[in-house]
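**Q** The structure's right below; bear with me while I get my questions together.
Taken together, the values in this text are just the output of simple stated rules run on the coordinates, not laboratory data. Keep in mind it's a predicted model, so treat the numbers as computed, not measured. When we count neighbours, we look across all protein chains shown, and the Cβ atoms used for this are built from the backbone with ideal geometry, even at glycine.
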Amino acid sequence: MLISPNPAVPPGDPLHLLAFEVVRRIEFALGMPVVGTPTGFTNDPVIGANPVSTTPGVPSADDVVQTPYGDIGPWLLESNGQISDFGGAQLGGRAVLEPINVIIVDPTSSTAAEATAKFNASMSQAGFPALPIHSTGFQGTIDDVTYGQQPTGSLDAYSDNFFLLPDDHARAFGPDPVQTASGFVWTVAVSREQFGLNGILPTHVYTSYNAARDELASQLMADGATLVGIVPLSNAVDSATQTTGDHDGYAIVIQLN
C-alpha cells in the first residue's frame with residue numbers, strides 16, 4: 001500500500017514504478033500474492049494451427065534458413081556474433097535464446113535509405129517508436145550479409161511501453177534487397193518483457209515471444225500493413241540447457257503498403 005494505493009493500477013512516476021516492479025518480482029519469486037494484474041495473451045490462430053518448427057541439432061549463430069524472402073539468419077545475434085541470451089536471464093534454470101520471429105517486406109522502396117525511413121515511420125505509427133532504456137548493438141543476417149540493428153539510437157529499441165512497465169520491444173535488421181525486381185526485406189526479433197531481477201540485479205526478464213510477435217503484427221496490420229502468412233524458421237529450442245520459451249519456430253510475414 002505504500003507503493004501504490006491501488007495495487008491493480010501501477011503508479012505513474014518513474015521512481016514509484018521502479019519500486020513497484022521490484023516488489024512485484026520479489027513477491028512472485030517468493031510465491032506471494034503478486035501486486036498488479038498478470039499479462040495475458042491469445043496465440044495467433046494462423047500460427048497455432050501448425051506443428052512446432054524446432055531447431056535441428058544444436059543452435060548455432062551460423063544457422064541459415066532458405067525462405068521466399070531470402071536466406072534468413074534465424075537468431076538475434078549479439079555484437080560478438082553469438083546468439084543473444086536475453087542478457088543472461090534464465091527461465092527454469094536454462095538460457096533463453098532470442099529468435100527472429102517477424103519478417104517485414106517492403107515492395108515499393110527503391111533505395112535502402114527510403115526503406116529505412118519507411119520502416120521507422122511504420123513502426124512508430126503502429127505504436128512501436130524507438131524508446132530507451134534497452135540494450136543495443138545487436139545484429140541479424142539476411143543473404144549472408146550481417147546488418148546492425150534498427151533503431152540505431154543509444155540504448156533504444158522499438159517498444160510499445162515505458163521500460164519500467166511490461167512492454168513488447170523489437171530490433172530489426174536490414175534492409176536487404178529482395179529476390180525480385182524491387183523492394184527490401186527486414187527481419188525482426190520481438191519479445192515481451194517486464195522489469196525484474198536477475199539475482200539481485202534489476203533487469204528486463206523474458207515473458208513471451210508469441211505474444212509480442214502477435215501484438216506487433218496486429219498493430220502493423222491495424223495501420224494498413226498486410227498479413228502475408230508465416231514461414232518456418234526452425235528456431236524453437238527446448239533442451240536441458242537452452243530454451244526459446246513459448247516460441248514455436250515460425251516468423252509472421254507482414255507487407256508494408
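**Q** Can you tell me the order of 244-255, 112-123 when each peptide is scored by its average per-residue count of other Cβ atoms within 10 angstrom, highest first?
**A** 244-255, 112-123
**Q** When only C-alpha pairs under 8 Å and at least 6 residues apart count, what is the relative contact order of the range 40-255, in percent?
**A** Across the range 40-255, relative contact order equals 27 percent.
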